[in-house]
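Remarks on the structure that follows.
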Amino acid sequence: MKNILVIGGAGYIGSHTVRALAKRGYNPVVFDNLSKGHREAVKNFPFEQGDLQDKKRLSEVFKKHRIEAVMHFAAFIEVGESVQNPAKYYQNNTAGVLNLLQALIENQIPYFVFSSTAAIFGEPVREKIDETHPQHPINPYGNSKLMVEKMLADFDVAYGLKSTALRYFNASGADDSGEIGESHSPETHLIPLILQTAIGKRKSIKIFGTDYPTADGTCIRDYVHVNDLARAHILALEKMEKDKVSERFNLGSGNGYSVAELIAKAKEITGVDFAVEQAPRRAGDPAVLVADATKAKRVLGWQPEYDLTRIIQTAWNWEQHRKY
Ligand code: UDP
């Protein structure tokens, strides 16, 4: 297997995975509608503009590039927006993927890797979240992704489509080259917002909630480097091709860091004592979200290689030299 279609390949995690695929000897083809993605992020790769809602266009691209497997990254990802506008999320993240899955079956493409999320679990009932944790999303974003996971299970039984769903915790960092990195509009993620404050693009960073039941009162998250996630996609693909089974994995470092700890670390790495404000809690934020990624380690041999320091260093390097 060589020819991999990367839908949403011009986005943040997609573009890092495209590079990882090429390094590993695959021929990635990028498919993106550029509503959020950046053409510049994948300028050296074959590119097809299109929308996953357009089955005819998908089939055309599958045939043209003799696609053998599909990785899917194209999704809306803002929890708050999903509460305000759930239709947008169900249309793209759920109905769009249903359309894509039908196109896969019609074109007899047997392998699918799906970007899922820790948001499918909802409020944690134990300290670390493994694959057996109950799944009760607390927002439409999580629902839109969990519905696809359910479809994937049914589609394996009925049509033999093999899939791997990868539930990311907090994707972060940038490629070591500094050539690609995170660029969302609007930016809502903690690390880029902190670094944009350090560089002077923003006046201050707001801490959303200082009264959580954690050691310092701020939320704890599990930050995992985007290149570690990219590598997990390739391991998942190779495992799926070898064993012909569908799987689901939680992907995180297993280490939790609080918002206050991240800010302190970023001050140390950047050498800038930027302004920090306390702000009310953000709706829909659980106090603690940390992965138990033992299954990914055991089954895929996957282990994160980047620690928090390198995550912030690579993100800082990107922030200082960003091209888009
Ligand atoms: N956060 C914050 N200030 C910000 C943005 C985020 O305190 O300006 C907090 C947020 O409440 C959460 C953590 O940082 O506890 C990570 O948020 P992010 O949006 O980066 O990722 P999420 O956990 O929502 O996927």
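FYI, it's all coordinate maths here, none of it is from the lab. Small disclaimer: the values here were computed from a predicted structure and weren't measured. Here Cβ is always computed from backbone atoms with ideal geometry, including for glycine, and neighbour counts include all displayed protein chains.
Observations, loosely collected:
- Within the chain, percent of DSSP bridges classed antiparallel, to nearest 5: 5
- Karplus-based coupling profile of the range 237-253, in residue order and whole Hz: 4, 5, 5, 5, 5, 6, 9, 6, 10, 8, 9, 9, 9, 8, 10, x, 7, with θ = phi - 60° in 6.51 cos²θ - 1.76 cosθ + 1.60 and x standing for Gly or Pro.
- Taking all Cα pairs closer than 8 Å and separated by 6 or more residues, the relative contact order of the range 53-195 comes to 25 percent.
- Inter-probe distance in nm under a simple model that places probes 7 Å from Cα toward Cβ, at R281 and Q91: 3.2
- Taking 16 Å as the straight-line reach from the Cα of K2, the lysines in range (excluding those fewer than 8 positions away in the same chain) are K23, K63, K64, K239, K242.
- Per-residue [θ]222 nm for the chain (sum of -39500 (n - 2.57) over DSSP H runs n ≥ 4, rounded to 500): -11000 deg cm²/dmol
- With eigenvalues of the C-alpha gyration tensor scaled by 5 and rooted, the chain, Å: 31, 22, 18
- Net charge over other residues, Cβ less than 13 angstrom from the Cβ of E131 (K, R count +1; D, E count -1): +3
- Looking at the range 160-252, the pairs of alpha carbons with a distance over 23 Å make up 44% of the total.
- The 3J(HN,Hα) values that the Karplus relation (6.51, -1.76, 1.60; θ = phi - 60°) gives for the range 196-205 are, in residue order, 5, 6, 4, 8, x, 6, 10, 6, 7, 10 Hz. Gly and Pro appear as x.
- Coupling constants for the range 282-290 follow from the phi torsions by the Karplus curve (6.51 cos²θ - 1.76 cosθ + 1.60, θ = phi - 60°), and in residue order they are 8, 4, x, 8, x, 5, 9, 9, 9 Hz; glycine and proline get x.
- Dividing the convex hull volume of the alpha-carbon atoms in the range 89-187 by its residue count gives 148 Å³ per residue.
- Length gained when the stretch I105-L193 is fully extended (0.36 nm per residue, less Cα-Cα span): 27.6 nm
- Between the amide H of N3 and those of N27, E68, distances stay under 5 Å, these residues lying 5 or more places away or on another chain, with hydrogens modeled in the peptide plane.
- The range 92-157 and the range 162-188 have Cα centres separated by 18 Å.
- For the chain, a Gaussian network of Cα nodes joined below 10 Å ranks K242, K295, K88 by mean-square fluctuation, and the top entry is K242.
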